[in-house]
Amino acid sequence: MEERSWLRRGVAVALILSYPLLMATALWPLPWAFAVVAALSYVVEFRSPVAVPTFTAILSKVHLGITVRFVIREMAAVLLVARVADTSSRWFAGLAVGLFLLQGGRTLQTTMAYYLNRWVNAMPVLTRNIDLSALRIPPRPPAAIVNYKGARLLYLDAIPVVGAAVGAAVGLDWLGVAASGVALLWTLGAIVVLVPYLSRAAGLRHVDRVIGEVNSQIATYGPEILLYFSGSADSVYQINMWLGTLEKIDRRTLVVLRERGMIDLLGPTTLPVICIPSGASLMNFRSIDAAKVSLFAANVGKNIHMLRIPGHRSVFIGHGDSDKEASFNPFTKVYDEVWVAGPAGRDRYRRAGVGVRDDAIVEVGRPQLAGISTSRPRTNTVLYAPTWEGWQDDLAHTSVDTVGVKLVKALIKSGVRVIYKPHPLTGHRDPKALAAHKKILAAVRAAGGGHKSVIGSEPHLYDCFNEADLLISDISSVVADFIASGKPYAVTNVAARPEAEFRERYPTTEAGYLIGPKLAELPAILAELDRDEDTLAAARGKLKTYLLGPDEPDALTRFNAAINRLCEL
């Protein structure tokens with residue numbers, strides 16, 4: 001980490017120092033020194049957006065943005081030629097004109113790329129699995145010319161800047177002019193390539209036409225169910241978990257997203273998908289009015305836009321049942337119905353007294369859990385799947401920053417195989433959690449062997465369930481889902497609450513082991529893996545019914561029946 005910090009500082013310092021060095025070597029003049037400094041400055045410039053993004057953002061705010069920095073290099077090259085070849089030289093004039101034309105060409109290319117991006121990538125409605133061939137949306141142009149901010153083509157001026165320096169050093173004054181001609185030809189080529197893309201996309205600038213065509217296609221499809229979602233990129237798992245289930249129900253479903261980048265992050269699905277960033281556009285999107293039911297996977301502010309559309313039955317389906325406060329959020333009372341997995345979900349709302357009526361709660365099971373195996377692999381594999389730190393300290397249940405590092409090292413030392421599968425948002429809010437997470441990753445990586453860390457969506461959490469003989473987790477929906485496997489599990493009690501109080505507060509721990517902050521219980525828990533007798537098996541079976549509902553009828557059947565009931569009201 002310290003090495004990377006020094007590297008970032010070095011990039012920042014090199015970027016700033018390159019400009020006075022360029023001016024000094026141009027005015028001296030020292031053509032070869034100028035050429036070396038110029039080349040290095042381009043390398044540092046190319047690395048800076050990744051190495052020091054905050055620093056480059058600050059430079060932009062103080063009027064030293066990327067375009068200004070490139071112009072400074074060009075101006076220094078012109079000064080160098082003026083000092084070496086004299087301002088009366090035609091090659092000096094040629095270089096100045098060439099660089100001026102290059103700037104003009106880049107301005108035209110950037111303008112074209114900007115409007116292409118605006119018309120195609122910033123359409124009022126984005127879609128997936130919907131036929132929009134009538135709009136004649138152009139394919140993506142080559143990446144090298146599509147960046148509307150022009151950063152890629154800015155680097156073309158390295159050709160005349162370095163060429164002019166080399167020409168001044170070896171006495172070939174015409175070299176800078178020739179190099180600027182080459183750069184200008186590249187820019188003109190990019191402009192020519194963009195013309196047909198821009199021409200085809202021009203029709204997309206008419207917002208009413210785009211919305212009208214999407215409305216028409218959706219009306220033809222006739223959605224009965226809307227799966228609505230708004231959230232950050234890190235929260236896309238909350239809607240992905242429902243896609244497979246909604247592909248299997250009897251009713252036609254449309255996925256409605258709100259954030260523009262979300263549509264690219266959404267998992268594979270055959271369902272039609274629309275993304276409408278504007279709240280005004282959503283509430284005036286007439287083709288979704290005929291839907292019967294709106295399903296909500298998360299409690300977020302933008303839900304109000306869909307809730308304001310009359311005639312829909314609103315249902316909160318959430319993204320997993322747990323003993324966390326998120327599973328009995330007071331905001332949930334705004335929905336017509338709240339669907340939970342089993343009796344435990346109903347009891348949470350009763351105990352919390354947040355205003356959700358008991359007759360509004362429907363137990364539908366967890367259809368996503370059908371692929372979870374109920375057999376133990378007998379490989380002495382422990383899955384450590386902690387939750388994240390939460391939006392507030394009083395909602396934090398994570399063990400990552402308290403016992404996570406110590407726990408993983410103890411597991412590795414004990415001889416069991418470890419799979420580390422953290423929550424996608426781990427470290428999102430708390431730097432301490434992020435630091436501990438990185439230490440855990442390093443410990444697993446250093447251990448080698450069969451130990452592994454699973455970051456991202458693949459392999460899926462449930463695939464990790466199937467590999468494990470034992471789960472260690474925190475208070476989260478992971479525990480409730482793992483109950484479906486019937487295998488042993490342990491829950492961290494990082495606050496060292498008295499056992500009776502902890503289990504009463506968090507019913508999902510009833511049939512599991514508890515692990516305190518000193519990990520004193522860990523050896524006895526791991527010893528259970530080697531025994532033929534599973535002392536908590538019966539308790540887990542009873543808890544499974546309480547958390548997830550009965551095995552018959554299966555969860556998908558119950559979920560589908562609940563959908564049909566609402567559609568027929």
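Bear in mind that the values in this text are calculations on the coordinates, not laboratory data. Please read these numbers as outputs of a predicted model, since none were measured by experiment. Every residue, glycine among them, receives a Cβ derived from its backbone with ideal geometry; neighbour counts consider all protein chains shown.
Considering the range 1-148, its Cα convex hull presents a mean projected area of 13.0 nm². Rounded to the nearest 10 degrees, the inclination of helix 343-352 to the longest alpha-carbon principal axis of the chain is 80 degrees. Sorting 446-457, 330-341 by their mean Cβ neighbour count within 10 Å, with the most densely packed peptide first, gives 330-341, 446-457.
Against the main long axis of the alpha-carbon atoms of the chain, helix 237-247 sits at an angle near 70°. Other residues with beta-carbon under 12 Å from the beta-carbon of Ala410 carry, at +1 per Lys or Arg and -1 per Asp or Glu, a net charge of +3. Note on the chain: helix-only mean residue ellipticity at 222 nm, from DSSP H runs of 4+ residues weighted -39500 (n - 2.57) and normalised by residue number, equals -15500 deg cm²/dmol.
Among residues other than Leu265 whose Cβ falls under 14 Å from its Cβ, what is the net charge (Lys/Arg +1, Asp/Glu -1)?
Here the charged neighbours net out to -1.
A simple spin-label model places the labels of Leu27 and Phe46 3.0 nm from each other, with each point 7 Å out along Cα-to-Cβ. Using C-alpha pairs below 8 Å separated by at least 6 residues, the relative contact order for the range 2-202 is 26 percent. One Cα centroid belongs to the range 513-553, the other to the range 153-203; the line between them spans 68 Å.
Full extension of the segment from Phe331 to Asp534, taken as 0.36 nm per residue of separation minus the current Cα-Cα distance, would add 69.0 nm.
With N counted as the residues of the range 421-484, its alpha-carbon radius of gyration over 2.2 N^0.38 Å works out to 1.17.
Seen against the Cα atoms of the chain and their longest principal axis, helix 31-51 is set at about 20 degrees.
Provide the percentage of antiparallel DSSP beta bridges, counting only those with both residues in the chain; round to the nearest 5.
Given both bridge residues lie in the chain, the antiparallel proportion sits at roughly 10 percent.
Dividing the mean sequence gap of close Cα pairs (under 8 Å, 6+ apart) by how many residues the chain holds gives a relative contact order of 11 percent. Each of Phe559, Phe285 was scored by other Cβ atoms within 10 Å of its Cβ. Arranged with the fewest first, they read Phe285, Phe559.
About its Cα centre, how strong a charge dipole does the range 371-548 have in debye, to the nearest 20, once Lys and Arg get +1 and Asp and Glu get -1 at the Cβ? In debye, rounded to 20, the range 371-548 gives about 500.
Shape of the range 222-365 from the C-alpha gyration tensor: prolate (a/c of 1.5 or more and a/b above b/c, with a ≥ b ≥ c the square roots of its eigenvalues). If I take all pairs of Cα atoms in the range 94-162, what percentage of them are more than 16 Å from each other? Distances greater than 16 Å cover 57 percent of the Cα pairs. Once C-alpha pairs closer than 8 Å and six or more residues apart are averaged by separation and normalised to the residue number of the range 222-365, the relative contact order reads 21 percent.
Measuring nothing but alpha carbons in the range 371-548 and taking Rh as the Kirkwood radius, the Rg to Rh ratio lands at 0.93.
Among Phe46, Phe316, which comes first, then next, by fewest other beta-carbon atoms within 10 Å?
Placing the least packed residue first, the sequence is Phe46, Phe316.
The candidate values were [x] 3, 14, 19, 18, 17, 14, 9, 5, 1, 0; [y] 3, 16, 26, 28, 18, 7, 2, 0, 0; [z] 3, 17, 25, 24, 18, 9, 3, 0, 0; the one computed from these coordinates for P(r) over Cα pairs in 10 Å bins from 0, in percent carries the label [x].
Per-residue packing, averaged as other Cβ atoms within 10 Å, sorts the ranges 208-219, 170-181 into the order 170-181, 208-219, beginning with the highest.
So, with +1 on the Cβ of K and R and -1 on the Cβ of D and E, and no other charges, what is the size of the charge dipole of the range 222-365 about its Cα centre, to the nearest 20 debye?
320 debye
Farthest toward the positive end of the dipole of the chain, out of Trp6, Leu522, Gln217, is the Cα of Trp6, where the dipole comes from beta carbon charges about the Cα centre.
Put simply, the amide H of Tyr489, placed in the peptide plane, has neighbours under 5 Å in Leu471, Tyr513, leaving out anything fewer than 5 places away on its chain. Evaluated with a Cβ-only charge set (Lys, Arg +1; Asp, Glu -1), the range 470-569 carries a dipole of roughly 280 debye about its Cα centre, given to the nearest 20. Comparing Val479, Pro431, Tyr513 along the charge dipole axis of the range 371-548, the residue lying farthest to the positive side is Pro431, per the Cβ-charge model. The range 453-498 and the range 346-418 have their alpha-carbon centroids 5 Å apart.
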